[in-house]
Amino acid sequence: MAARVKDLYGDFVRTFGNVLFAVCLFVVWGLLTLVGVVVDQGKDAPAYFASYAAPIARAILRLQFDNVYHSPWYVGTIGLILLSLTVCTFKRVIPARLPPLHPVKVDKIPLHAVYDVAGDAAGVRRKVAAWFAERGWQVRDRVFDGVEWTFADKHNWARRGVLIAHLGFVIIAAGTTIYWARGFSGETAVFSGQAVDVPETHAVIRLDDFHYTIQPIMTKSGIVYQPIDYVSHVTVTGKDAVPRKEVVRVNHPIDVDGTLYYQSSYGFGMRFVVTHDGRTVPGLPGRVLFEGESFDIPATARSVTYERFVPTVDKQSGLPSADPRVNDPAVALGATENGRSLGDALFALGSSVDLGEGWRVVPERYVLYSGFQYRYDPGIPLVGIGAFVLLGGLIVSFYFLPARLYVRVDEDGPGRSRVGMAATTVKGYDVFSNEFERLVVRLKEVTEP
Amino acid sequence: MKMSLDEVLMVTALGSYVLAALALLVYFFSREEWLQHVGAPLAILGCVAQFAQLVARYELTGVWPLLNLYGSLSLFAAMAVAIYIGFAFRYKAWWAGGFVVGLAAIFLAYGVTWNEGTMPPVPSLQSYWAKIHVPLVVSSYAAFLVSFVFSCAYLMKYYAERAFAREVAFAAEGGATVAAAAAGNPLAQWMQTLPTLAQLDTIVYRAVAIGLPLISIGIITGAMWAKESWGAYWQWDPKETAALFSWIVYLAYMHLHTRHSWRGLRTNWVSVLGFLSILFCYFGVNIWISGLHSYKL
Ligand code: HEM
């Protein structure tokens with residue numbers, strides 16, 4: 001039993017500690033990530049059946065590809081990557097970091113050079129050691145079986161680059177997990193002059209004023225209405241119960257008790273007046289409506305939907321124009337009876353719409369609302385630190401190449417020596433071959449008397 | 001018709017690139033030394049003109065010029081040529097210039113077709129992050145373009161070498177290309193003028209080693225910007241997700257490259273795939289998929 005567990009453990013370590021296994025995990029991670037780019041995320045089921053053939057839509061829903069980044073596949077893959085990374089770091093990366101000094105067969109190493117110089121071995125050896133030491137190489141002498149070796153290491157510290165990069169990734173993963181465990185986010189919209197209570201934080205946001213700037217610009221392909229600014233003047237009341245005035249703009253969120261509030265959208269609410277036989281019916285619909293909201297007409301089977309606000313109607317065609325600024329506003333209203341559509345049409349603000357049986361509705365005036373996103377994410381500092389640690393690891397790994405030179409100097413007749421030199425690096429030989437050639441040339445010059 | 005300064009510079013850049021690409025392309029095949037001496041200065045001139053054009057545009061309009069496809073493609077072309085020039089000097093690699101500068105010219109010319117004139121940026125783009133994030137990401141794409149071209153050269157030489165190996169009876173010292181060249185095969189003789197496979201692989205590695213940290217900082221600064229403007233540092237928006245995909249591909253490249261047996265043919269195919277994923281991220285997402293990066297509020 002113990003032997004089987006040991007075998008299993010051995011297999012686990014071999015598999016999870018293998019770079020190729022890591023690459024397989026990257027492939028799965030990459031493909032799942034791509035799924036989320038190609039398949040629209042977070043739509044409801046009918047939307048997928050509308051966009052794809054039924055079997056594909058069913059597969060998307062069954063495999064949770066409609067919310068792939070939070071699916072067990074995605075989270076599980078990242079979990080496996082973290083596990084593999086940990087195993088590999090302890091079993092492979094750390095032990096391989098500082099290989100012991102040992103002699104080599106110089107001519108068996110692809111990067112090697114052997115040449116003769118004048119001078120006794122001890123003197124040449126001293127020159128070699130001094131030359132490397134001067135250039136910042138860490139020089140160590142050792143004797144193996146009576147042969148004196150000089151080992152010169154460069155950027156030895158940079159062997160830790162991989163560890164740093166891996167650590168960075170782990171820190172980022174930890175930071176995102178904190179958000180999952182303790183963070184929250186949401187959206188809220190506030191009409192001008194009104195206040196909302198944000199459910200998770202109980203902060204109260206009152207929108208004192210919202211305005212936007214849109215600039216028409218003539219381009220080669222016609223007029224473009226370019227948004228320039230969206231500004232919400234708000235009064236916020238946080239935990240301390242002290243109201244304070246703030247301005248929220250795009251790229252300028254505000255912080256209330258650690259939760260950030262962002263300008264995210266705006267729109268036009270509509271106040272309707274409903275009359276029956278010429279008399280206003282109070283309390284109907286009772287409040288300002290958002291686009292898409294409906295209200296029922298009492299004692300009939302009819303209801304009216306405020307479908308859309310049209311800021312400017314084109315005078316000539318009577319159709320909505322592309323101008324998003326409010327010039328000649330109108331509303332698109334829809335009517336239904338027993339749930340069946342009676343059609344929809346565009347009405348100017350202030351016009352009276354006949355609903356039959358003495359009922360009329362007037363879209364009286366619009367009220368701007370401002371949409372805010374809010375988010376509490378205690379993991380952000382950790383993600384930030386992790387990102388920079390990761391980056392540091394990448395730079396150390398890619399730009400500082402740890403290399404080791406093995407040099408032995410043997411007597412080669414009276415007053416002559418033979419220098420044998422080989423180099424290894426943590427990234428094979430090819431990346432170092434140019435530098436090795438240069439080193440050999442320079443060293444030859446230095447050891448020549 | 002009178003041209004403005006930025007138009008003059010743009011015409012200079014495009015003209016120089018086209019001529020440089022032609023000269024270096026012919027140089028690639030013919031190895032006539034003088035063509036390199038014509039192509040290289042033209043590529044440098046075009047690159048300088050492009051950076052000057054971007055500065056002139058900023059000065060003339062007061063609008064940071066990289067916030068639309070025209071501006072970002074301009075920087076992409078300029079950075080690709082700039083990074084390549086560095087490699088050409090360092091690794092004596094002017095032979096690849098026809099391809100890098102040629103691609104840069106095509107991207108630049110395509111970018112010019114997107115020039116809509118001056119537009120003030122929409123609110124979400126009015127951020128100092130725009131000045132940091134966009135150049136980083138675009139420069140990483142440029143480095144990947146350079147690695148892509150050298151990977152293609154690697155693959156071409158690799159498959160040619162394999163074909164030569166079938167021709168020459170035994171693997172000679174220095175590889176099949178050397179043996180086939182010695183046997184008088186003109187294609188092998190020409191192929192011999194390219195760096196060895198190991199050298200090409202090192203060049204690709206060095207280019208990816210520029211691109212991967214840049215795209216990493218690009219994604220990180222993008223996340224910081226997103227946190228400021230959309231409320232969350234990561235929204236799984238198609239653009240940022242596509243960039244993450246490319247990042248994963250190059251991460252796989254780097255890990256494969258640590259293994260001797262995978263270094264070479266396989267890593268270079270991954271590098272080619274990586275650049276295709278960059279093209280998808282750059283153009284595919286903008287054109288086919290709408291998301292937050294289509295810059296609506
Ligand atoms: C599945 C998990 C992973 C495993 C098993 C793994 C394993 C390894 C191994 C064995 C090495 C090479 C060590 C050597 O021979 O010098 C390495 C290098 C590296 N890893 Fe990972 N890794 C994983 C995930 C990651 C992730 C997610 C990142 C980045 C966020 C990363 C960044 C790096 C870097 C930058 C290097 C250095 C590459 C080079 O020097 O060219 N690794 N990794």
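The values are calculated or read from the model by the stated rules, or taken from the named source; none is laboratory data. Remember, predicted model here, so these are calculated numbers, not experimental data. Positions of Cβ are generated from backbone atoms using ideal geometry, with glycine treated the same way; all protein chains shown enter the neighbour counts.
Condition (residue is more than 14 Å from chain B (Cβ to nearest Cβ), more than 16 Å from the ligand (Cβ to nearest atom) and surrounded by 14 or more Cβ atoms within 10 Å (Cβ to Cβ)) applied to the range A:89-100: is it met by at least one residue?
Of the range A:89-100, the ones more than 14 Å from chain B (Cβ to nearest Cβ) are A:90-91, A:94-95, A:98-100.
Retained after the next criterion (residues that are more than 16 Å from the ligand (Cβ to nearest atom)): A:100.
Subsequent filtering for residues that are surrounded by 14 or more Cβ atoms within 10 Å (Cβ to Cβ) retains none.
Within the range A:89-100, none of the residues are more than 14 Å from chain B (Cβ to nearest Cβ), more than 16 Å from the ligand (Cβ to nearest atom) and surrounded by 14 or more Cβ atoms within 10 Å (Cβ to Cβ).
When A:Val273 is evaluated against the numbered criteria (1) more than 12 Å from every other protein chain (Cβ to nearest Cβ); (2) at pLDDT below 90, which criterion, by number, is the only one it fails?
Going through the list (1) more than 12 Å from every other protein chain (Cβ to nearest Cβ); (2) at pLDDT below 90, A:Val273 breaks only (2).
Would it be correct to say that B:Arg57 is over 21 Å from B:Val11 (Cβ atoms), part of a helix (DSSP H, G or I) and among the charged types (D, E, K, R)?
On the way: over 21 Å from B:Val11 (Cβ atoms): no; part of a helix (DSSP H, G or I): yes; among the charged types (D, E, K, R): yes.
It is false that B:Arg57 is over 21 Å from B:Val11 (Cβ atoms), part of a helix (DSSP H, G or I) and among the charged types (D, E, K, R).
Residues that are in contact with a Leu (Cβ under 7 Å, 6 or more places away or on another chain): find the strands (runs of 3 or more DSSP E) completely inside the range A:184-239 holding 3 or more of those.
Fully inside the range A:184-239 and qualifying: A:222-237.
I'd like to check something: does the range B:109-117 contain any residue that is part of a loop (DSSP other than H, G, I, E, B), in contact (Cβ under 8 Å) with a residue 40 or more places away in the chain and closer than 26 Å to B:Trp230 by Cβ?
Yes: the range B:109-117 contains one or more residues that are part of a loop (DSSP other than H, G, I, E, B), in contact (Cβ under 8 Å) with a residue 40 or more places away in the chain and closer than 26 Å to B:Trp230 by Cβ.
Considering (1) part of a helix (DSSP H, G or I); (2) modelled with pLDDT of 90 or more, say which one A:Leu401 fails and leave the rest.
Failing condition for A:Leu401: (1).
Name the single residue, out of those in the range A:363-410 being within 14 Å of the ligand (Cβ to nearest atom) and more than 12 Å from chain B (Cβ to nearest Cβ), that is farthest from A:Tyr230 (Cα to Cα).
Ranking the candidates gives A:Arg404 first.
Can you tell me which residue is surrounded by the fewest Cβ atoms within 10 Å (Cβ to Cβ) among those in the range B:267-281 that are more than 10 Å from chain A (Cβ to nearest Cβ) and not aliphatic (A, V, I, L, M)?
Among residues in the range B:267-281 that are more than 10 Å from chain A (Cβ to nearest Cβ) and not aliphatic (A, V, I, L, M), the one surrounded by the fewest Cβ atoms within 10 Å (Cβ to Cβ) is B:Trp269.
At least 3 residues that are away from every other protein chain (no Cβ under 13 Å) and within 16 Å of the ligand (Cβ to nearest atom) in each: list the helices (runs of 4 or more DSSP H) lying fully within the range A:1-72 that qualify.
On the way: elements: A:2-16, A:19-38, A:45-51, A:54-62.
Here the list reads A:2-16.
Across the range B:207-229, which residue is farthest from B:Val168 (Cα to Cα) among those that are within 16 Å of the ligand (Cβ to nearest atom) and at the interface with chain A (Cβ under 8 Å from one of its Cβ atoms)?
B:Ala223
Would you mind stating whether B:Arg263 is at the interface with another protein chain (Cβ under 10 Å from one of its Cβ atoms) and more than 29 Å from B:Ile106 (Cα to Cα)?
yes
Among the residues of the range A:214-230, count how many are of a type in the set (Val, Ile, Thr) and facing chain B (nearest Cβ under 9 Å).
Counting residues in the range A:214-230 that are of a type in the set (Val, Ile, Thr) and facing chain B (nearest Cβ under 9 Å) gives 4.
Return yes or no: is B:Tyr233 crowded, with 22+ Cβ neighbours inside 10 Å, facing another protein chain (nearest Cβ under 9 Å) and in a loop (DSSP other than H, G, I, E, B)?
The answer is yes for B:Tyr233.
Return the total of residues in the range A:101-116 being of a type in the set (Val, Ile, Thr) and at pLDDT 90 or above.
As a first pass, look at the range A:101-116 and keep what is of a type in the set (Val, Ile, Thr): A:104, A:106, A:109, A:114.
Among the residues that remain, those that are also at pLDDT 90 or above are: A:109, A:114.
Counting residues in the range A:101-116 that are of a type in the set (Val, Ile, Thr) and at pLDDT 90 or above gives 2.
Check A:Glu246 against each of (1) on the phi > 0 side of the Ramachandran plot; (2) surrounded by 16 or more Cβ atoms within 10 Å (Cβ to Cβ) and name the one condition it does not meet.
That leaves (1) as the condition not met.
Where residues in the range B:236-249 are more than 10 Å from the ligand (Cβ to nearest atom) and more than 7 Å from every other protein chain (Cβ to nearest Cβ), which of them is farthest from B:Ala207 (Cα to Cα)?
Ranking the candidates gives B:Asp237 first.
Kindly indicate whether any position in the range A:150-167 is over 21 Å from A:Arg92 (Cβ atoms) and of a type in the set (A, V, I, L, M).
Yes - at least one qualifying residue is present in the range A:150-167.
Check whether at least one residue in the range B:199-206 is under 30 Å from B:Ile132 (Cβ atoms), touching a His at 6+ places or on another chain (Cβ under 7 Å) and within 14 Å of the ligand (Cβ to nearest atom), and report yes or no.
Within the range B:199-206 (the criterion being under 30 Å from B:Ile132 (Cβ atoms), touching a His at 6+ places or on another chain (Cβ under 7 Å) and within 14 Å of the ligand (Cβ to nearest atom)), the answer is yes, since at least one residue qualifies.
Looking at B:Ser294, B:Ser271, B:Ser290, can you tell me which residue is under 23 Å from B:Phe107 (Cα atoms), modelled with pLDDT of 90 or more and not β-branched (Val, Ile, Thr)?
Of the residues listed, the single one that is under 23 Å from B:Phe107 (Cα atoms), modelled with pLDDT of 90 or more and not β-branched (Val, Ile, Thr) is B:Ser271.
Right, A:Val440: in the same structural domain as A:Arg135 (by TED's automatic domain parsing) and assigned to a helix (DSSP H, G or I) or not?
In short, yes.
How many residues, within the range A:187-205, are surrounded by 15 or more Cβ atoms within 10 Å (Cβ to Cβ) and under 18 Å from A:Phe290 (Cβ atoms)?
Counting residues in the range A:187-205 that are surrounded by 15 or more Cβ atoms within 10 Å (Cβ to Cβ) and under 18 Å from A:Phe290 (Cβ atoms) gives 10.
Can B:Ala153 be described as part of a helix (DSSP H, G or I), touching a Gly at 6+ places or on another chain (Cβ under 8 Å), not polar (S, T, N, Q) and not assigned by TED's automatic domain parsing to the domain that holds B:Ala13?
Considered against the rule, which asks whether it is part of a helix (DSSP H, G or I), touching a Gly at 6+ places or on another chain (Cβ under 8 Å), not polar (S, T, N, Q) and not assigned by TED's automatic domain parsing to the domain that holds B:Ala13, B:Ala153 comes out as no.
So which of B:Thr177, B:Thr196 is away from the ligand (no atom under 16 Å from the Cβ), out of contact with any Gly (no Cβ under 9 Å at 6 or more places or on another chain), of a type in the set (S, T, N, Q) and over 24 Å from B:Val285 (Cβ atoms)?
On inspection, the qualifying residue turns out to be B:Thr177.
Identify all residues within the range A:206-215 that are in contact with an Asp or Glu (Cβ under 7 Å, 6 or more places away or on another chain) and loosely packed, with under 14 Cβ neighbours inside 10 Å; write none if there are none.
A:Thr213
Tell me yes or no: at least one residue of the range A:140-158 is assigned to a loop (DSSP other than H, G, I, E, B) and either crowded, with 19+ Cβ neighbours inside 10 Å or within 16 Å of the ligand (Cβ to nearest atom) (or both). Lay out the reasoning, then the answer.
The first filter runs over the range A:140-158 and keeps only residues assigned to a loop (DSSP other than H, G, I, E, B), leaving A:145-146, A:155.
Filter once more, so that each one left must be either crowded, with 19+ Cβ neighbours inside 10 Å or within 16 Å of the ligand (Cβ to nearest atom) (or both): A:155.
Yes, the range A:140-158 contains at least one residue that is assigned to a loop (DSSP other than H, G, I, E, B) and either crowded, with 19+ Cβ neighbours inside 10 Å or within 16 Å of the ligand (Cβ to nearest atom) (or both).
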